[in-house]
1. Of the beta bridges DSSP finds with both residues in the protein assembly as shown, what % are antiparallel, to the nearest 5?
2. Taking all protein chains as present, what is the carbon and sulfur share of the accessible area of the range C:96-272, in % to the nearest whole number, probe 1.4 Å?
3. Considering every residue in C:106-114, what mean count of other chain Cβ atoms within 10 Å of its Cβ is obtained?
4. Can you return the aspartates and glutamates within cross-link range of C:Lys132? Criterion is Cα-Cα under 18 Å, with same-chain partners fewer than 8 residues away left out.
5. Work out the mean other chain Cβ neighbour count within 10 Å for the residues of B:333-339 and drop it here as an integer.
6. In Å², nearest 100, what accessible area do chains A and B bury in total when the solvent probe is 1.4 Å?
7. For a quick size check, give me the Cα extents of the range C:1-46 along its three principal axes, largest first, whole Å.
8. Rounded to the nearest percent, how much of the accessible area of the range B:381-437 (1.4 Å probe, protein heavy atoms only) is carbon and sulfur?
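The values are calculated or read from the model by the stated rules, or taken from the named source; none is laboratory data. The shown structure was predicted, so the numbers you read here are calculated from the model rather than taken from an experiment. Cβ coordinates were reconstructed from backbone atoms using ideal geometry, including for glycine residues, and neighbour counts include every protein chain displayed. Please note that ligands, DNA and RNA were not included when accessible areas were found on the heavy atoms of the full protein model with its side chains. Shrake-Rupley method; radii C 1.70, N 1.55, O 1.52, S 1.80 Å.
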Amino acid sequence: MEPRTPLLIVSPSPHLHAGLTTSGMMGTVLLALLPAAATAIYLFGLPALRVLLVCVLGSVAIEALWQKATDQPITVRDGSAALTGLLVAFNLPASSPWWLSLLGATLAIVVGKQVFGGLGHNPFNPALVARIVLLISFPSAMTHWTAPQPGRFLADAITAATPLSESQSAVMLSGHLPQHISEFSARYLLGSMPGCLGEVSALVLFLGALFLLWRGVISWHIPVSYLGTVTLLSGIFWLMDPGRYPHPMFHLVSGGLMLGACYMATDLVTSPLTTRGMLLFGCGCGLFTVLIRLFGSYPEGVAFSILLMNAVTPLIDRYVVPRPFGMDRGRELI
Amino acid sequence: MICRSFPGGTHPPGHKTATAHAPSLICPLPAELVIPLAQHVGAPALPCVTAGQQVARGQVVGRADGFVSVPVHASTSGLITAVEPRPHPCGAELPAVVLQPDGEDAWAEEYQKQSFHVLSVEAMLERIREAGVVGMGGAAFPTHVKLDPPQGKSIDTVIINAVECEPWLTADRRVLLEQMEKVFTGLEILKEVSGAGHAYIGLEDNQPDVAALLAPHCQKRDIGLAVLPTRYPQGAERQLIYAVTGRRVPARGLPMDVGVLVQNVGTIAALTDAVTRGRPLIERMVTISGPGVIRPQNLRVRIGTPVAHLLKQCGVTEEPAMVILGGPMMGVAQHTQAIPVVRGTSGVLAFRRQDVPITTAGPCVRCGRCVAACPMRLQPTFIADYARRDELDLAERFAARNCIECGSCSFICPANIPLVQSIRYAKGAILARRRRM
Amino acid sequence: MMAAMICLGSLGCVAALLLAMAARRFAVTIDPRQVALMEVLAGANCGACGFPGCDAYARALVAGTAKPDLCRPGGAETLKRIAAILGVEVTERPPQIAVMYCQGGLQQARPKYDYQGLQDCRAAQKLARGPKLCPAGCLGLGSCVQKCPFGALSIDARGLAMVDRGRCTGCGLCVAICPRQVLALAPATESIHVLCNNRESAARVKSYCNVGCLGCRLCVRTAPESFVMDSFLAQVRYGRGQPAVMAEAMERCPHHCILNLDEQGNDQILPTPPSARERSTP
């Protein structure tokens, strides 16, 4: 065989790529969440930093260990483990001990993601799986809230209640909302309230979500339909009885709604593919959130509602299919 | 005029400035022309010359074999050195006429320019067919077949496709700018042959200079000028028809089913030459560009010129790692530079190694970008998944056969999954299975 | 306390009753022969019989719409037992095994281009008729490996598919999936094969492969009973070969394409042809 010039590359068309990669998307989401993480540290001090570090580093380490143990290529560089870890941390109170944080990271990575086959195959949002398992297994540690003390990093923790649990217990005891909740104040918007790390600053989270929308990492469909449904439903109840049901604005900024609607429900893997499916998904999340918050036994329902809708996602994907271009009458798909 | 927006689509970078504004040049003749006998959809032409024979420019070297077929002509005068299988842009080695130019470049016979108005429709169709005019946007479907719809179908609208949505390519733009009179004459011929009452020229809004130049002419001749938003694949036939007329071509149908005829700009120019001067299609505009080319430009190239000759004319920065015939989105990567330019070749792109996108695929993260980008409103990720698992029934139920292989889904996929390749495989397998049954 | 027990107890009874009724009402009768057939079929659900799984084949057998000799993986033993269950006469078919007729690995056969894309032979074959200059050789991307339900195929260090003759059941799924028909079924008793699939002329074969059959007819001249030419490709006449003469032809083959395969698919007599190895290093 005679020598010849270097071989040409032949690959299937297209021979161009948009440039956005999976790891790039994960990195952008991490970037969008950084201000919220900084806010959490500012409000809750060093304990918050500890939870964040344990969760993020723990998730990455556990994913690497698991992949090594199961003889798979190690893919922690794609950033999805770090993102999961950060979201787990955002779902924990600042007072969580190190072992609770680590357990949360382990649950998210192993039970939430790897047992299903890793990235892209998990039916439920891993961080929410961790949150729910911990909430049910360690109810007291998971609802031990501390009051935010802005800028005082080393201050002693002061136990307090979240606005949502405050309103729920008040309604249960006296039948109407406490004064400071029925008169909504702007301090909630900035996050000066007790809660999980990622629940306290709706405004910063919202700005991060706008960044993601601008970068094209998430689409508007889920956040808008989710938040819209919550606003609409809670608004109806508020109009019926403002003394018993809080203002819709209170719902929007308290608890994990902003985090859930912008970062957890929009999780690519566990949400529907089509735009109509996404709208349906967001509406379902909103419906369940309002129902659980107002009538359930838990004060917060974002995590439960997103997990519920995650379970419905395959069904939505199966029945909400776009009609192919040029096929005018309804055609049977599946 | 109001333009509708087709679903999905993407925005690949244009890269057109390098070649958009310079006038086209005539490409010198190479030492050897390789003229494939199969340059069109349908039956390949049958060779009617033998090695050692002297031929004149424009002489028929392969005659049409059947209705859906066109003749092939000698691109210049010279000596036939062989009629043998040679590398063809489709990847296989197919019969071709090898021609050694003698430098005279003498026409077979002098054609008199004449007005098409004196010709009958049949005579015009015959001239178009004799000249070997095929769709020059890439599909290479014989034009006389498209112009002659079967009984019961009629055409009321003609659209000139000057969209050229593929990055880098500016050949259609140059034809439109440099041969505008031919294009308008061709449009008149098209209207007369097809009996259409309406005519449109569709182009993207990234060419405002062309639009401004065309506007007064169009107004004078009562031709609609559709300036469409720049979005890939705006130039795909179905998407263009929808954008201009609002008609949806049925998934299994043809444009003539909704009374529309779409022709590429280059085809129109060639058609005018064929009808008014009897000139065969032996030359076309080709964009030679890409990051590996030193002097990107538009060349008027004789059919059969090897790609290596073109790249030498324009200079390459280094030995190219990838050579693409056509645009980067739908063009075909070639395995050798001996490939000749054929009638459907709109561009030749040379990529350096660092310009070739990486193809290591990750797992699908179900982001839904392919679904959002699909101009046929399919769900590429599902179809590709079924194709990989050989679930052809499911792939078919998800309308795999509607795919136009525009490449939007692979282009956008963050996990780098070669979706189009899987879907193309599924389409082929479904068709093969149908043929067996 | 008492009320609760009675309540739950009666609820349980009602539910049990309902279940029992449902079981009667919606019972599905299965032909006992189908159950018996499921026991004797290979159980790999490989689909080589043309039915989606062993269950479907068993049903078709009972219904009489399928031939009884389609379960290749089960072999003669299964065939005998199927015949016994169905009470029909069958003639045994000689067992077959898949053979990969190519030795042109990465070092031996020249590539046409640098392929980048889906790791699937059928997809690669669609791009310029495959990344190898040889139009008939193994592409080594492993479509057959993925398809084989018995783990009998692998891609070896040469970049070629290799049949583990001990595991191959002759189901023929790899033969059906290979886009270049380089895999084919041959009688399991045969171990000497001409390992080439290329019917092009010697000049062309030499231009891209060190180990392809040149069509020189040396083997046919040496052992006319044992070999036959198909265009420029020599083939073993299975069932008529004479091992002693074939060994001589094996020695004389200039490209060493005639090999005696052992259980794992490796050749027994000559390792990699030494002359070919020398030539391959540039």
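1. For the protein assembly as shown, the DSSP antiparallel bridge percentage is about 70.
2. Its accessible area is 51 percent carbon and sulfur atoms.
3. Mean partner shielding for this stretch: 4.
4. Filter leaves A:Glu2, B:Glu93, C:Asp114, C:Asp120, C:Asp156, C:Glu200.
5. Partner Cβ neighbours, averaged per residue: 6.
6. Looking at A and B, the buried total is near 4400 Å².
7. Here the spans come out as 56, 22, 15 Å, largest first.
8. Ligands and nucleic acids excluded, carbon and sulfur give 51 percent.
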